[in-house]
Amino acid sequence: MNGDPLLTLMIFIPLLGMAVVLALPSRAHDLIRWTATAFSAPPLFLAGVLLWRFQPKVEGFQFVQHGTWIPAFNIEYFVGVDGISITMIVLTALLCLICMVASFGIDKGVKGYYALFLLLETGMLGVFCALDFFLFFVFWELMLLPMYFLIGIWGGPRREYAAIKFFLYTLLGSVLMLVTILYLYFASDPHSFDMTRLSQTAHIPMNVQLVLWTALFIGFAIKIPAFPFHTWLPDAHVEAPTAISVILAGVLLKMGTYGILRVNYGILPAATLAPAWHGKSLAFWLLAALGTFNIVYGAVCAMAQADMKKLVAYSSISHMGYVMLGMAAFTPQGINGAVLQMFNHGTVTAMLFLLVGVIYDRAHHREIAGFGGLASIMPVYTGVTGLAFFAAMGLPGLSAFISEALVLLGAWQAYPGLTVVGASAVILTAGYLLWTLQRMFLGPPNEKYLSLPEINARELFTLVPLGAIVIFLGIYPTPILELQGPALVRLNGQVQEAARAAGDRVADAR
């Protein structure tokens, strides 16, 4: 094993924490909680070191650690980071620590809950760091089991149904991904799972590439989730504990769009750019159309919800549509806006789900119409919720505005009609969020809830860092754009170059 061990430490410290938690007495709930939280702190600290040492203008991957794992089949332990993955690694480490603290209210099966959460953190960090396709798949699958149990055991009344639905949908995507991985492995010469070289070593006919691209896209679209693969998400969110909803929306959804960027674009560039209509590829038209539909469909569904948590779940579907639209534009503004939206959506939606958890812990329901006048009962909670709602609307001065504006700027150059439709959905977003704000927080207070306690210090601890990020990036997004921008420019160039090279090989073969 050679290279920088920083990423390896980030990935496996939570796994070590899982072993320690399992060794603690089952009844020592506070000790378990604080031990798990302590093992989630080092990955966040190392993420800070990663940011400090990362050099955006350096080509290729940084903090690489490379070693032989299963030499007989050229399977390697290969991890690294670039401008596309670094923001997702930081977001994952931050949300995991926050969710550990947010889970202090869990009092059933505390040891099992925190052990599974630490295992989940290892899987998520591994996905964003892995550069060997076999290793990537192992980490991808590693997330499935803990998430299934975290929903199925600690969820709401319909938790078993939601957990099984999540498991089956994700497993379908995994099967499609596995078949594609096997094809790419045997098509490469020499056989390899190296994600950084497969686009050059795997010589595949264009018609087969399109099939593989579609299979991978479906696998990743289930995670986004893109219509029509989205139906698992509202059920999973509604039944999952608050912290698990945060991880689902804040991290797991981003794995779908990250996978498309890293795998579909990076490994199958010729299929990505295969021209179809008006000079745009079929892949880009598909992403743009589905992204626009997601934006509108998610907003319309959110407007119809009576359950606050379900409203936030459908809003996630809508906001992830902007990521797909920006990726489809593949312009400098569009692709930067898409990756920035992945990060911004992670922070904003995490705030929203945490806030839903705060009110549910007190009132034991989430029915929007069941409240009223909360502003006079819980003014601090109301203020934080207002910040999160305005951020989700894309209000200027808050982070989501910058990313959504960049997506629309980039998409206009490629799909002006779809961009108009997507931009118009902002009205729907403002409608359902302001209507919710009015029904829950304004007007005369509901006498039933006059004694609701204000948001406490532990809950504010989970929300204040996210709110600070939302405000800072809304005013000054340059640091994160400079972090990811050069890598996205290189990705664009590499995809274009690899697609041309693939076209030349096809022409020579003829």
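The values are calculated or read from the model by the stated rules, or taken from the named source; none is laboratory data. No experiment lies behind these values; they were computed from the predicted model shown. Note that each Cβ is placed from the backbone with ideal geometry, even for glycine, and that neighbours are counted across all protein chains shown. The accessibility values were calculated without ligands, DNA or RNA, using every heavy atom of the protein model including side chains. Shrake-Rupley method; radii C 1.70, N 1.55, O 1.52, S 1.80 Å.
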Inset, instruction - Could you pull out the residue among Val110, Val64 that is among the aliphatic types (A, V, I, L, M) and either within 30 Å of Phe353 (Cα to Cα) or open to solvent by 60 Å² or more (accessible area, probe 1.4 Å) (or both)? - result: Val110
Inset, instruction - Considering each of Gly17, Gly67, Gly60, Gly48 in turn, give the residue that is within 17 Å of Cys129 (Cβ to Cβ) and touching a Phe, Trp or Tyr at 6+ places or on another chain (Cβ under 6 Å). - result: Gly67
Legend entry - Single unsatisfied condition, Pro14 versus (1) touching a Ser or Thr at 6+ places or on another chain (Cβ under 9 Å); (2) at pLDDT below 95: (2)
Inset, instruction - Tell me, please, whether a residue that is of a type in the set (Val, Ile, Thr), under 30 Å from Gly105 (Cβ atoms) and either modelled with pLDDT of 95 or more or out of contact with any Pro (no Cβ under 7 Å at 6 or more places or on another chain) (or both) can be found in region 38-60. - result: no
Legend entry - Residue list for region 325-334, restricted to those being open to solvent by 10 Å² or more (accessible area, probe 1.4 Å) and at negative phi: Thr331, Pro332, Gln333
Inset, instruction - Starting from residues that are within 29 Å of Cys99 (Cα to Cα), assigned to a helix (DSSP H, G or I) and free of Cβ contacts under 8 Å to residues at least 60 places away in the same chain, keep the ones in region 434-471 and report whichever is least open to solvent (accessible area, probe 1.4 Å). - result: Leu437
Inset, instruction - Name the one entry in Tyr183, Tyr265 that is open to solvent by 10 Å² or more (accessible area, probe 1.4 Å), part of a helix (DSSP H, G or I), closer than 28 Å to Lys280 by Cβ and hydroxyl-bearing (Ser, Thr, Tyr). - result: Tyr183
Legend entry - Check on Ala47, touching a helix residue (DSSP H, G or I) at 6+ places or on another chain (Cβ under 6 Å) and closer than 30 Å to Asp189 by Cα: no
Inset, instruction - Please tell me if Gln494 is in contact with a Ser or Thr (Cβ under 7 Å, 6 or more places away or on another chain), at pLDDT below 90 and open to solvent by 40 Å² or more (accessible area, probe 1.4 Å). - result: no
Inset, instruction - Report yes if some residue within region 407-419 is of a type in the set (A, V, I, L, M), more than 30 Å from Phe330 (Cβ to Cβ) and open to solvent by 60 Å² or more (accessible area, probe 1.4 Å); otherwise report no. - result: no
Inset, instruction - For Tyr185, state whether it is closer than 30 Å to Pro71 by Cα, aromatic (Phe, Trp, Tyr) and over 18 Å from the mean Cα position of the chain (by Cα). - result: yes
Legend entry - Test: residue in region 308-317 that is over 22 Å from Ala405 (Cα atoms), surrounded by fewer than 24 Cβ atoms within 10 Å (Cβ to Cβ) and touching a Leu at 6+ places or on another chain (Cβ under 8 Å): no
Inset, instruction - Look through Ala221, Ala283 and report the one residue that is within 30 Å of Ala102 (Cβ to Cβ) and in a helix (DSSP H, G or I). - result: Ala221
Legend entry - Residues (surrounded by fewer than 22 Cβ atoms within 10 Å (Cβ to Cβ), touching a helix residue (DSSP H, G or I) at 6+ places or on another chain (Cβ under 8 Å) and assigned to a helix (DSSP H, G or I)) located in region 195-208: Leu198, Gln200, Met206, Val208
Legend entry - Identity of the residue in region 140-195, of a type in the set (Phe, Trp, Tyr) and without any contact (Cβ under 8 Å) to a residue 40 or more places away in the chain, that ends up farthest from Pro234 (Cα to Cα): Phe186
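Every residue, every condition in (1) surrounded by 24 or more Cβ atoms within 10 Å (Cβ to Cβ); (2) under 19 Å from the mean Cα position of the chain (by Cα); (3) closer than 22 Å to Gly155 by Cα; (4) modelled with pLDDT under 90, yes or no:
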position	(1), (2), (3), (4)
Thr231	no, yes, yes, yes
Ala243	yes, yes, yes, no
Val251	yes, yes, yes, no
Leu261	no, yes, no, no
Ala271	yes, no, no, yes
Gly279	no, no, no, yes
Val300	no, no, no, no
His319	yes, yes, no, no
Val323	yes, yes, no, no
Inset, instruction - Evaluate the following for Gln341: is it among the polar types (S, T, N, Q) and open to solvent by less than 10 Å² (accessible area, probe 1.4 Å)? - result: yes
